[in-house]
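Q: Before I ask anything, here is the structure I am working with.
The values are calculated or read from the model by the stated rules, or taken from the named source; none is laboratory data. Worth saying up front: this structure is predicted, and the values here are computed from it rather than measured. Methodologically, a virtual Cβ is constructed for each residue, glycine included, from the backbone with ideal geometry; neighbour enumeration extends over all protein chains shown. Ligands, DNA and RNA are excluded from the accessible area calculation, which covers all protein heavy atoms including side chains. Shrake-Rupley method; radii C 1.70, N 1.55, O 1.52, S 1.80 Å.
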Amino acid sequence: MKKSSLAHALALVLSTGTLANSYVPLSEVRDQIKSPEYTQQEKQRVVEQARIFLEDLYVHQYSKDIYYGISPGGHVNAVSEIHKVIDELDTLSTEQVHIRLTRIFKAQRDLHLVYVHPQPVRSYTSYLPFEFDKTLDVFGNSEVRVSNLLENLVPYVTDTRLPEVGDKVIAYNGNPIHQVVEQNLYVGFGANEDAGFVRALRAITRKSHAVTLVPEHNEVTIEFLSSQTGETYTATIPWITRVPATSTNSVRTENAGQLLEESTNIEAEQHHTIKAELDTDSGTPFATTPSTDPEVSWAIREVDGKQVGYIKLDRFRVVDNDIDTSLRLMSELLTEELAGTDALVFDVRNNPGGYITYADRLVQLFSPKPAIPTELKFINTKLNYDILHNTVFSTFGPQWQKVLADVAGTNARYTDTASYITVAQNNEFGQSYYKPMGVWSDARTYSSGDVFTCSVQDNGVAKVYGEHNRTGAGGANVMRHSVFSQYVGAPYFEPLPYGQEMTVSWRQMIRHGHHKNAIIEDFGCVADKHVPQTLESLKDSGLGNFETIARDLLREAPNKSTVRFLQSRVTDLDTVGRTFALEVTNTELVEIYLNDVKVDAINISAYGDSSKTIEYTVPTSSQEGQVRFVGLDGGKAPLWNGIRYFY
């Protein structure tokens, strides 16, 4: 939630001391943020590794040219440009190499394709003490307004007026703000119109020097229009830099198999850590309750006399590196704390991604029918074939080997598609919430956030409410150079000097259902209903928009078919006996599956609101496993499902 000026002042009194040795004006450390000089051999190694990424691995290299076209100041063809660098390398300094490669990577407008600068540069990040966002005025025209003050950076601005949340941005360094947005579309990484706009705003208020060059000047001059008084005023604001002495990169413990399922970006991971230092704004429209999963918080709000649940999922990270654990915790939240709600708003705004399989598997908790997982494909190259057949990656699924083998030696541009997991594996938990559910997204919903948002549409599970018309359009599995270097190695991959890194969009995500064969990259997921940011929504932290979404969900015809299980999800048969029971209403048939084998179909004919009870006794020959119950209407369309495990 956004804070008033008084709340900011109180927060500063309590917290500024913790940042005294962590942040300094850029002017004081500019000379320290310099790349080490590379030998000619080191420059050749970096450029050659970049060529391999762009030419042999980058799955979007063709679709980007089609989507954006080629222009000198905009999108460039990644492969032709890297070959130009190779041809000119003998004449390029170390700094020029970094500038050229940064430009090529950023011009693709793909947050999964990132050129990471060496140490010590990559450990620095510079911020302005506020954030901007795109809003719409009463006529539907786009504006730029201050959306949040970074409370712990405010003390560094001592001799100029700071803006308030809601103040309109008129000009930036003397240029109209919309012109500045256009100028930053090809350095902000944002795909499509919506994501391009908000990522361009990020590019002019925060600069991670891991991926962004140091600002030319130590300060910026911004013209604002006060939302309170209507006056215009100008402020000169210094860049504030986080120094590496206090940089805390999160420790990642995934194995190579988990890394194959990754879909997020380095810059977002870094900012997620830093944001907690700078600001206590949760990004939620009201106070929430933490859950046992640190990425999840929740609340229940009354709207028009009804109880509406709210879940905020910050990232698709999992507890104890185990997707099953996170799914179980989410399921318990839905079936216990939120069980009595009349509708649910699931907030993935500003979610940068995480595990693709977590995003896919999460959909089943809201789906009466089996949820279909996302499919992906490679570009057809010899290197991809070799990685999946001749390295440790060959152990991570024969489906990936097959799609590459099928096109090896042909002129096919892409492989066929495959999914990480089967439909059965994607539905091992079953449904946990049976009321209307809506997904609240924005143009910063990215990567696995895109996967989840698109998947609820493709599976017909929920309506998507967009703060912007489209999500961030991160449509790929991302892989890091350091992973290839460690697990594949020579002759293709060599370690990069001075802690450098690169990431690449390796497999392209393909949608299904009503959006069959569409890609997520650049296009994103189009909202079913646009609920835009406005001056009012900035002022109330989005509470009014939440209520708009809630009322729309409450107007949906409720699912009259209900189910209530009388045993917990996991049952010890020796303790409670071998019989499962459930109460159902408005259900014609109930099919029963024991360990995925259909064992019974009961014509329950439970019409009206009076419930009927179904019982199923597990045979003594089955010592452990699962029982799935599926409720159907007269046309055998799924109404609900649920799974109970026993041992």
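Q: With only Lys, Arg, Asp and Glu charged, each at its Cβ (+1 for the first two, -1 for the last two), find how big the charge dipole of the chain is about the Cα centre; round to the nearest 20 debye.
A: Roughly 520 debye, rounded to the nearest 20.
Q: Right, here's the next one. Taking every eigenvalue of the Cα gyration tensor of segment 317-374, multiplying by 5 and rooting it, what semi-axes result, largest first, whole Å?
A: 19, 14, 13
Q: Same structure again: In a solvent-free Debye calculation with one equal scatterer on each Cα, what is log10 I(q)/I(0) for segment 561-647 at q = 0.11, 0.18 Å⁻¹, listed in the order of the q values?
A: -0.28, -0.72
Q: How many Å² of accessible area per residue for the chain, probe 1.4 Å?
A: Per residue, the chain has an accessible area of 39 Å².
Q: State, to one decimal in nm², a quarter of the convex hull surface area for the C-alpha atoms of the chain, i.e. the direction-averaged projected area. Show your work: numbers first, answer last.
A: Numbers: hull surface 124.4 nm².
Over all viewing directions, the chain projects a mean Cα-hull area of 31.1 nm².
Q: I'd like the distance between the alpha-carbon centres of segment 63-134 and segment 502-550, rounded to an integer number of Å.
A: 26
Q: Under the rule of at least 5 residues apart or a separate chain, name every residue whose amide H is placed under 5 Å from the amide H of N641.
A: The list, which skips near neighbours in sequence, is Q431, G631.
Q: Next question. Say R0 is 25 Å: what FRET efficiency, to the nearest 0.05, do Q179 and S80 get from their beta-carbon distance? Don't jump to the answer; show the numbers that get you there.
A: Numbers: r = 29 Å, r/R0 = 1.15.
Once the sixth-power term is evaluated, E becomes 0.30.
Q: Can you give me the Kirkwood hydrodynamic radius for segment 488-647, using every pair of distinct Cα atoms, in Å to one decimal?
A: About 21.0 Å for segment 488-647.
Q: In cubic angstrom, how much convex hull volume per residue do the alpha carbon atoms of segment 305-416 span? Before the final figure, lay out the partial values.
A: Details: hull volume 16.5 nm³, N = 112.
It is 147 Å³ per residue.
Q: Below 18 Å, Cα to Cα, which lysines can K612 reach? Residues fewer than 8 away in the same chain don't count.
A: List returned: K560.
Q: Going by alpha carbons, how many degrees (0 to 90, nearest 10) lie between the helix axis of 78-88 and the longest principal axis of the chain?
A: So the helix axis and the longest Cα principal axis differ by about 30 degrees.
Q: Okay, moving on. Subtract the Cα-Cα distance of E494 and D600 from 0.36 nm times their separation in residues, and report this length gain in nm to one decimal.
A: 32.4 nm
Q: May I pose another question? Using +1 at the C-beta of Lys and Arg and -1 at the C-beta of Asp and Glu, which of V590, T548, Y172 has the Cα lying farthest in the positive direction of the dipole of the chain?
A: V590
Q: Of the peptides 197-205, 26-34, 43-51, how do they stack up when ordered by the mean number of other Cβ atoms within 10 Å, highest first?
A: 197-205, 43-51, 26-34
Q: Counting alpha carbon pairs within less than 8 Å and at least 6 residues apart, what relative contact order, in whole percent, applies to segment 353-474? Kindly include the intermediate steps, with their values, before the conclusion.
A: Values: 195 pairs, mean separation 42.2, N = 122.
Reported as a whole number, the value is 35 percent.
Q: Rounded to the nearest 10 degrees, what's the angle between the helix 323-332 long axis and the longest principal axis of the chain, both from Cα atoms, 0 to 90?
A: 60
Q: Still on this structure, please answer the following. How big, on average over all directions, is the shadow cast by the Cα convex hull of segment 372-446, in nm²?
A: Over all viewing directions, segment 372-446 projects a mean Cα-hull area of 7.7 nm².
Q: Which whole-number percent gives the relative contact order of the chain, counting Cα pairs below 8 Å spaced six or more residues apart?
A: Relative contact order, the chain: 14 percent.
Q: When we measure straight from the Cα of K134, which lysines land under 22 angstrom away, once same-chain ones fewer than 8 places off are left out?
A: K2, K3, K106, K168, K207, K275, K312, K529, K539
Q: Here is a follow-up. What aspartates and glutamates could a cross-link reach from K598, if we take a straight Cα to Cα line under 18 Å and drop same-chain neighbours fewer than 8 places away?
A: Result set, ordered by chain and number: E428, E588, E615, E624, D633.
Q: Any chance you could give the angle, 0 to 90 degrees and rounded to 10, that helix 398-407 forms with the longest Cα principal axis of the chain?
A: 60
Q: Could you work out [θ]222 nm for the chain from helices alone, using -39500 (n - 2.57) per DSSP H run of at least four and dividing by all its residues? Round to the nearest 500 deg cm²/dmol. Intermediate values should be presented prior to the final figure.
A: Working: 19 runs with 172 residues, N = 647.
When only DSSP H runs of four or more count, the value is -7500 deg cm²/dmol.
Q: Could I ask something else about it? Taking the alpha carbon gyration tensor of segment 65-108, what are the square roots of 5 times its eigenvalues, largest first, to the nearest whole Å?
A: Values: eigenvalues 86, 22, 10 Å².
Values for segment 65-108, descending: 21, 11, 7 Å.
Q: Using a 1.4 angstrom probe on heavy atoms only, work out the carbon and sulfur share of the accessible area of the chain in %.
A: Exposed carbon and sulfur together represent 50 percent of the surface.
Q: Report the gain in length on full extension from A637 to E536: 0.36 nm times residue separation, minus Cα-Cα distance, nm rounded to one decimal.
A: Here the segment from A637 to E536 would lengthen by 32.1 nm.
Q: Going by amide H atoms built from the backbone, whose H comes under 5 Å of the H on A343, apart from near neighbours?
A: Excluding prolines and chain starts, which carry no amide H, the hits are G309.
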